[in-house]
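Asker: Please find one structure pasted underneath; my questions will follow.
The values are calculated or read from the model by the stated rules, or taken from the named source; none is laboratory data. All figures in this text were calculated on a predicted structure; none of them were measured in a lab. Cβ sites come from the backbone with ideal geometry, for glycine too, and all protein chains shown count toward neighbours. For the accessible areas, the whole protein counts, side chains as well, though only heavy atoms, and no ligand, DNA or RNA atoms are used. Shrake-Rupley method; radii C 1.70, N 1.55, O 1.52, S 1.80 Å.
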Amino acid sequence: MNRKHLLTSLIAAGLVVPALATADWTLYGRANISVDYLDNGASYSEPSLVSNSSRLGFKGEHEFREQLIGLFQIEQGIDFDADDDLTLATRDTFAGLKGDAWGMLRVGEFDTPFKRARGPANFFGDQLGDMRNLTKATGFASDNRFENGIHYRTPTFGGFVWDIHYSPQTGGASTSTTESGRPNEAFSTSLTLRMGDLTGALAYETREDAAADDSSDGWRLAGSYKITDAINVGALYQTADNFDEVKSDTYGLGTQIRVAPDFYLKGHVFQHDSDIDQSDATLLALGLEYRVDSNLRFHGTIASVSNDDAVARTPYSDSRTVDATAAGVNGETASGISIGMRYDF
């Protein structure tokens, strides 16, 4: 959608605002922009303006009666660095019901429990060095959203919450197939614990793919613990059986340390081990963050991925928009330096 069509859509959306008056709704967004210098270890070494999973959306709730609250959200990814076509609702978009006593039920397209489970250990989320550059194992479609998702979340019991997410049809080349057996179905679930300074999640996900005539599945365990008010440590372990019947493990540690009232030093190291010969990779990231308040922060980061001879991962390919010419090269070390700002509004 070009700018003219986008403007038309926004004007049309404005016509339904009176209908939303009965709900408590909010317009929100995130501008997460950085200036990076990216190097794929071979033919590419250039500066780049990058939009790091920036977004714009609106959401709302309305209480119909006790223990029956309606909710909705429509969220769109925004690339501040490019004049790309835009399509409404490319990010978490859903409608549903909730109540404190019985939980939440919603339908739409949104992050799976498996994807969300990495959160406690991902100190570089949506920026250079994000762990997703390794956890997206080759042939294993993790860290994505299910299309046609149905999600139920339990109330909290002793700090535990159980999420169940199912899709009878995740899309792709075989969306309109008439084969039996749900050839593109998917299932994701997690058990999350929040208890004082400890946060943890155990998650499982499996997907069918008719085009590949195969399935993939994986387990993920992640957690973080605040040792003191100034020191937070996190860890993740993931094991996956990929569509191509290749097994892989991804694991690592990270920490975030408040070195001054508004300054945070953080770092992590993650290793990806694959059954495919010469396909291992190591991710390193180190960053310094200055928080003006919870809605405005500035960050500087350096990160690299060291690749074996048969793999070409980078520390900048996932969770961000980057120039396609910065793709990794087999056997080379890809790296980047980033200075950016995140503004939540």
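Asker: Give me the Debye-computed log₁₀ of I(q)/I(0) at q = 0.14, 0.16, 0.21, 0.23 Å⁻¹ for the range 91-160, equal point scatterers on Cα only, no solvent, two decimals.
Answerer: Taken in order of the listed q values, log10 I(q)/I(0) reads -0.56, -0.71, -1.01, -1.08.
Asker: Under a 1.4 angstrom probe, counting protein chains only, how are 80, 124 ranked by accessible area, largest first?
Answerer: 80, 124
Asker: I've got another one for you. Can you send over the solvent-accessible area of residue 195, 1.4 Å probe, protein chains only, in Å² to the nearest 10?
Answerer: Roll a 1.4 Å probe over it and residue 195 shows about 110 Å².
Asker: For the range 235-345, what are Rg and Dmax over the alpha carbons, in angstrom?
Answerer: 16.2, 49
Asker: Another question about this same structure. Any idea of residue 92's accessible area? Nearest 10 Å², probe 1.4 Å.
Answerer: Result for residue 92: roughly 20 Å² accessible.
Asker: Now, a different point. If each residue of separation counts as 0.36 nm, what is the full-extension length gain between residue 24 and residue 105 once their alpha-carbon separation is subtracted?
Answerer: Net length gain for the segment: 27.3 nm.
Asker: Still on this structure, please answer the following. Keeping the other protein chains in place, figure out the carbon and sulfur percent of the accessible area of the range 100-166, with a 1.4 Å probe.
Answerer: It is 58 percent, rounded to a whole number.
Asker: Ranked from the most accessible area to the least, with a 1.4 Å probe and all protein chains present, what is the order of 28, 225?
Answerer: 225, 28
Asker: So, in nm, how far is label residue 344 from label residue 43 when the simple model puts each one 7 Å beyond its Cα toward the Cβ?
Answerer: Label-label distance for residue 344 and residue 43, simple model: 4.1 nm.
Asker: Accessible area, 1.4 Å probe, largest first: how do 219, 25 sort?
Answerer: From most accessible down to least: 219, 25.
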